[in-house]
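Every number here is computed from the coordinates shown, using simple stated rules; none is lab data. These numbers were taken from a predicted model, which means no experiment stands behind them. Cβ placement follows ideal geometry from the backbone for every residue including glycine, while neighbour counts extend to all protein chains displayed.
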Amino acid sequence: MCINNNAASHVCELSKNIHINDEFFILHFYWTGPSPSAGQFFMIKSERTSVFLPRPVSIFEYNESQKLVKFLIAKRGKGTEELSMLNTGEKVRLTGPLGNKWADFLPENGNAALVGGSVGVAPLAALITEKPGFNFHFYAGFKNGFREKKDENSFLGGAVNAVKLVISAEDGRNALGGRIVDYIFEPQAYNVIFACGSVPMMKAVKNKCEQKRIPCFLSLESKLACGVGACLGCTIRTVKGNQRCCTDGPIFPAGEVLFNE
Ligand code: FES
């Protein structure tokens, strides 16, 4: 079924479900619809779910030659709990790719800082896979550090190929301690900064960029229901008025976003 010129909706068989730890897992699908780009998302709903609405999930990696798309997901409620329990071969409806792309805001060359918090690393890791020649510095922040390096590497995906990789964990386990934003010592060294994560983290990145006048773009999460601009459930406040995360975003210039204080 075709949704619009750039998206489609297909029932796909789950190819793999990789559990990283108690909280995070990665789903693999072969996707024959329009090619997704980093920053975009899909609405995902398994055929046997008891949850009415699909879940919006950013792409974590896309391999064009294999038509393989991967999603890194955190268990955050019934819908994602159910997705975490899917078995290989189970049928899942994917609708996408939806939303705008990091590539729309990336200069042709230079260097960029990518700042991801927890599962917010996913859309940024996808960008490193998509643009292998670009000079990316990746800053990843977690609440709890990973017990094992292999779990951390699974979680970071394409981000392990960044020119520079800085990892912090608030509990200090196997990582630098404290907030990841505090490790971006020279924001002015970058042409642009992209961020995705918690609201406090993105506010801190936005402030840092404003002080140094660095272009900054944020990928916002909101309560997405339809994913295609119809329900207005994902409305956010911006200097241009209300905007929909699903169709106007999810990526916005940081200077336009009005966070609720
Ligand atoms: S999720 Fe329905 S308008 Fe955005």
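From Cα coordinates alone, what are the radius of gyration and Dmax values for region 2-98 in angstrom?
12.3, 38
Looking only at region 175-201, which residues have a backbone nitrogen under 18 Å from a spot 7 Å from the Cα of Q211 in the C-beta direction?
Residues 178-195, 200-201 qualify, since their backbone N sits under 18 Å from the label point.
Is it possible to state the helix-based mean residue ellipticity at 222 nm for the chain, with each DSSP H run of 4+ residues giving -39500 (n - 2.57), the sum divided by total residues, to the nearest 500 deg cm²/dmol? What is it?
Value at 222 nm, helices only, nearest 500: -4500 deg cm²/dmol.
Residue by residue through region 65-77, what is 3J(HN,Hα) from phi via Karplus (6.51 cos²θ - 1.76 cosθ + 1.60, θ = phi - 60°)? Round to whole Hz and write x for glycine and proline.
5, 8, 6, 9, 10, 10, 10, 8, 10, 9, 6, 9, x
With the dipole of region 2-98 worked out from charges on the C-beta (+1 for Lys and Arg, -1 for Asp and Glu) around the Cα centre, which of V51, L86, H28 lies farthest toward the positive end?
In region 2-98, that residue is V51.
Kindly give the semi-axes, whole Å and largest first, of the ellipsoid equivalent to region 19-169, taking each as the square root of 5 times a Cα gyration tensor eigenvalue.
Semi-axes, largest first: 25, 19, 12 Å.
Between K143 and N109, what FRET efficiency follows from the Cβ-Cβ distance if R0 is 25 Å, with the result rounded to 0.05?
The computed FRET efficiency comes out at 0.10.
Could you give the dipole magnitude of the chain about its Cα centre, charging the beta-carbon of Lys and Arg +1 and that of Asp and Glu -1, in debye to the nearest 20?
In total the dipole reaches around 260 debye.
With a Cα-only, solvent-free Debye model of the chain, what are the log10 I(q)/I(0) values at q = 0.08, 0.13, 0.14, 0.15 Å⁻¹?
Taking Cα atoms of the chain as identical point scatterers yields -0.29, -0.81, -0.95, -1.10.
Which links in K16/K143; K164/K203; K45/K149; K143/K164; K45/K223 stretch past 25 Å when you go from one Cα to the other?
With Cα atoms farther than 25 Å apart: K16/K143; K45/K149.
Counting pairs of alpha carbon atoms under 8 Å apart in space and at least six apart in sequence, what relative contact order in percent does the chain give?
With pairs under 8 Å counted, the relative contact order is 17 percent.
Size of the dipole of region 102-219 about the Cα centre, Lys and Arg at +1 and Asp and Glu at -1 on the beta carbon, nothing else charged, in debye to 20?
With Lys and Arg at +1 and Asp and Glu at -1, about 200 debye.
For region 102-219, I need the span (max minus min coordinate) of the C-alpha atoms along each principal axis, in Å, sorted largest to smallest.
37, 29, 21
Between helix 121-130 and the chain, what is the angle of the helix's C-alpha long axis to the longest principal axis, kept within 0 to 90° and rounded to the nearest 10?
90
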